[in-house]
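Comments concern the structure below.
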């Protein structure tokens, strides 16, 4: 069915009135309310929550989620402003990846139905044009690889030149796996302004998710990207069997990287992957994660990415946008489909959230 | 009537494909040819998708 005929169901998460605003230890000691602490620490001073504080946010009862989202929205408005950064992404090289990231339908190690495909340069130019036409300021070129080889980098170089020759001045990001210093330098020279490389999950949980490379190898690439002057885009996926403690750990590990952007994905249990039978993240849990990540990362671009269609539906996505999110991927993803771009742009219009203009990013 | 489910590749009358239909409606392009169940080469782009079966040709979102 074409994307413009999709009818995602509405899944607004019902949130009830807030009860007494204190937490209690089992011995009866009253803990200070974590949202009151966050109001002073994060909203007033711009200082992200600690791991322990993030955990307390993730443990808030359903009745407090609306308070959390309201505060996270205030934090986003105070430290990031009202604009929403819109991005489109495309898969330049699909499938056949040698790595074993357990969530990924593009791994060649699992019996996924996703077959290998390469997008040619004219196709890449069309995808960039379609993205720019939505008003997006970012276009991310993605490849399912451990790291880029000479052929892939050559294709990226040719593609960027062709996008520019098409009169398209959209900012170009790349996500090509782990890099060497020479490859980092080459991407900088090509004019790539932001590099995506997700840590995916907490360091303590990563070995359960990926065994063919380490969290530290990913960190090394991110460090080189930062040192070379590219913007760092680094996030992950919620719902891969991590505990709430590990979710808090992950938020704080991301904060320690000071990324320019954090994309938040919610697991899509894809056929053939080891996680194909994992449950979809429940709406309230996902909203708690959104709010908690905003309170851990007050100044970062926090982007709604893959999986939100399953986890949130239409109305839940609005709640996220009013709960700390200030960026969005519009249109389709790499192997999964998203909502039609026009639907998300209409949502932003309804929410009176202006789209960040290209001139503001240069 | 399609002979095979485009999401899971099984015969359409051999199982309940309600969950498959939901995935196809929400977030998935077709992965299997509805006529022969071959895995298709699928390219997703920001505004659409194409899916090519080596026997039955290409279909697209447009």
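Nothing in this text is a laboratory measurement; each read-out follows from the coordinates by a stated rule. Note that this is a predicted model, so its numbers are computed, not measured. As a convention, Cβ positions derive from the backbone with ideal geometry for all residues, glycine included, and neighbour counts pool all protein chains shown.
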R0 of 35 Å, Cβ-Cβ distance residue A:120-residue B:2: FRET efficiency to nearest 0.05:
0.75
So what's the back-of-envelope 222 nm ellipticity for chain B, counting only DSSP H runs of four-plus at -39500 (n - 2.57) apiece and dividing by all residues, rounded to 500?
-4000 deg cm²/dmol
Divide by every residue of chain A the summed helix terms, -39500 (n - 2.57) for each DSSP H run of at least 4, and state the resulting mean residue ellipticity at 222 nm, rounded to the nearest 500 deg cm²/dmol.
-11000 deg cm²/dmol
Any idea what log10 I(q)/I(0) is at q = 0.12, 0.17, 0.19, 0.27 Å⁻¹ for segment A:47-121, Debye with uniform C-alpha scatterers and no solvent?
-0.70, -0.81, -0.82, -1.26
From the Cα trace of segment A:210-362, what convex hull volume per residue do you get, rounded to a whole Å³?
129 Å³
Based on the alpha carbon coordinates of segment A:56-177, what radius of gyration and maximum Cα-Cα distance (Dmax) apply, in Å?
19.0, 53
Where does helix A:65-79 land angle-wise versus the long Cα axis of chain A, in degrees 0 to 90, nearest 10?
60 degrees
Sorted by Cβ density within 10 Å, fewest first, the residues B:58, A:87, A:74
B:58, A:74, A:87
Need one number: % antiparallel among DSSP beta bridges in segment A:79-361, to the nearest 5.
5 percent
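Give me a single rounded figure for A:115-121: the average over its residues of other chain Cβ atoms within 10 Å of their Cβ. Intermediate values should be presented prior to the final figure.
Numbers: counts 8, 1, 8, 2, 3, 1, 0.
If you average over the peptide's residues, the count of other-chain Cβ atoms is 3.
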By how many degrees, 0 to 90 and rounded to 10, does the Cα axis of helix A:341-350 deviate from the longest principal axis of chain A?
40 degrees
Would you work out the Kirkwood radius for the protein assembly as shown? I mean one over the mean of 1/r across all pairs of different Cα atoms, in Å.
21.9 Å
If A:290, A:156 are placed from fewest to most neighbouring beta carbons inside 10 Å, the sequence is A:156, A:290
Show me the three semi-axes of the equivalent ellipsoid for segment A:142-242, from the C-alpha gyration tensor (sqrt of 5 times each eigenvalue), largest first, rounded to whole Å.
27, 14, 13
Which of the peptides A:330-339, A:141-150, A:232-241 is most tightly packed, and how do the rest follow, judged by the mean count of other Cβ atoms within 10 Å per residue?
A:330-339, A:232-241, A:141-150
What order do you get for A:175, A:105 when you list them from fewest to most C-beta neighbours inside 10 Å?
A:175, A:105
Sites residue B:22 and residue A:36 - FRET efficiency at Förster radius 45 Å, r taken between beta-carbons, to 0.05
0.65
Kindly express, to the nearest 10 degrees and within the range 0 to 90, the angle between helix A:283-296's C-alpha long axis and the longest C-alpha principal axis of chain A.
90 degrees
Rh (Kirkwood, all Cα-Cα pairs) for chain B, Å, reads 11.7 Å
